[in-house]
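A.B. asks: Here it is: the structure, laid out below.
The values are calculated or read from the model by the stated rules, or taken from the named source; none is laboratory data. Just so it is clear, the structure is predicted and the values come from calculations on it, not from any experiment. Neighbour counts run over all protein chains shown; Cβ positions are idealised from the backbone, glycine included.
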Amino acid sequence: MLKKVLLLTSAAMLTACGSPEAEIDRPDADNTLDVATEMMTDTDADTVVMMSQSFPVMNTSGAEIGTVTVSDQSAGGVTVTLDVTAITAGAHAVHFHETGRCDGPDFTSAGGHYNPMGNNHGFDADAPNPHAGDMPNVEAPQSGVVQTVIENERVSLSPREGMAPLFDANGTAFIIHADADDYVSQPTGAAGSRIACAVIAP
Ligand SMILES: [Cu+2]
């Protein structure tokens, strides 16, 4: 599987490590140990672990048609970068589904929308409170090449307070549907069959 993991620490932490004060004011061995301990404590408090990982996207025949890259955002939520080919022209629903299994050709193994909070589907429902896995439709041109970036403010790769974890016990799946999501119909958005799938798991 194609994997890319990016770990970032906060700028504040790096600044503290590079401070010349620590070297000038604490030259002896005992104090050096104190500084090291402080740094470790600071690391625990200040480090923000953000992950970015790419996953292969399969069509209903099991052929790889591209990748989906999920990247944690510092403010919470993720950026989903989709780079796939051979998608029929028009609007297509995309969602995270509840189980990280992409058994073709119908991908029903991925289960329903990822919705650990028990919300309503869609952005245009009577009381919009979308599933964690709900996202805006993507538009495929005649070429069938879809290269687009989608925001999802409700999920995360690295565990985050208030975010639904994509890497839960059974993983999740990124699904592309044959039709557009109407953002209203419960619980699927009337998006039609599943035409592509990526397992989202560590
Ligand atoms: Cu779906």
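A.B. asks: Considering only residues that are under 17 Å from the mean Cα position of the chain (by Cα) and closer than 20 Å to S61 by Cβ, which ones fall in segment 154-202? So that I can check it myself, show each step before the final result.
C.D. replies: Let us first name the residues in segment 154-202 that are under 17 Å from the mean Cα position of the chain (by Cα), namely 154-176, 196-202.
Residues satisfying the conditions are A173, F174, I175, I176, A196, C197, A198, V199.
A.B. asks: Test H92 against the criterion of being farther than 19 Å from A201 by Cβ and under 19 Å from the mean Cα position of the chain (by Cα), and give yes or no.
C.D. replies: Details: farther than 19 Å from A201 by Cβ: yes; under 19 Å from the mean Cα position of the chain (by Cα): yes.
Against the criterion (farther than 19 Å from A201 by Cβ and under 19 Å from the mean Cα position of the chain (by Cα)), H92 qualifies.
A.B. asks: For segment 86-104, enumerate the residues that are part of a loop (DSSP other than H, G, I, E, B), surrounded by 14 or more Cβ atoms within 10 Å (Cβ to Cβ) and more than 11 Å from the ligand (Cβ to nearest atom).
C.D. replies: Within segment 86-104, the first condition is being part of a loop (DSSP other than H, G, I, E, B), and the residues that meet it are 86-89, 93, 98-104.
Of the ones still in play, those that are also surrounded by 14 or more Cβ atoms within 10 Å (Cβ to Cβ) are 86-87, 93, 98-102, 104.
Once the filter is applied, which keeps residues that are part of a loop (DSSP other than H, G, I, E, B), surrounded by 14 or more Cβ atoms within 10 Å (Cβ to Cβ) and more than 11 Å from the ligand (Cβ to nearest atom), segment 86-104 yields A86, I87, T99, G100, R101, C102, G104.
A.B. asks: Which residues, taken from segment 169-185, are assigned to a loop (DSSP other than H, G, I, E, B) and either within 13 Å of the ligand (Cβ to nearest atom) or farther than 17 Å from H121 by Cα (or both)?
C.D. replies: A169, N170, G171, A178, D179, A180, D181, D182, Y183, S185 - these are the residues of segment 169-185 that are assigned to a loop (DSSP other than H, G, I, E, B) and either within 13 Å of the ligand (Cβ to nearest atom) or farther than 17 Å from H121 by Cα (or both).
One line per residue, one yes/no per condition, for (1) within 11 Å of the ligand (Cβ to nearest atom); (2) at pLDDT 95 or above; (3) under 18 Å from Y114 (Cβ atoms):
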residue: D126; (1), (2), (3): no, no, no
residue: G133; (1), (2), (3): yes, yes, yes
residue: P141; (1), (2), (3): no, yes, no
residue: G144; (1), (2), (3): no, yes, no
residue: A164; (1), (2), (3): no, yes, yes
residue: F167; (1), (2), (3): no, yes, yes
residue: S193; (1), (2), (3): yes, yes, no
residue: V199; (1), (2), (3): no, yes, yes
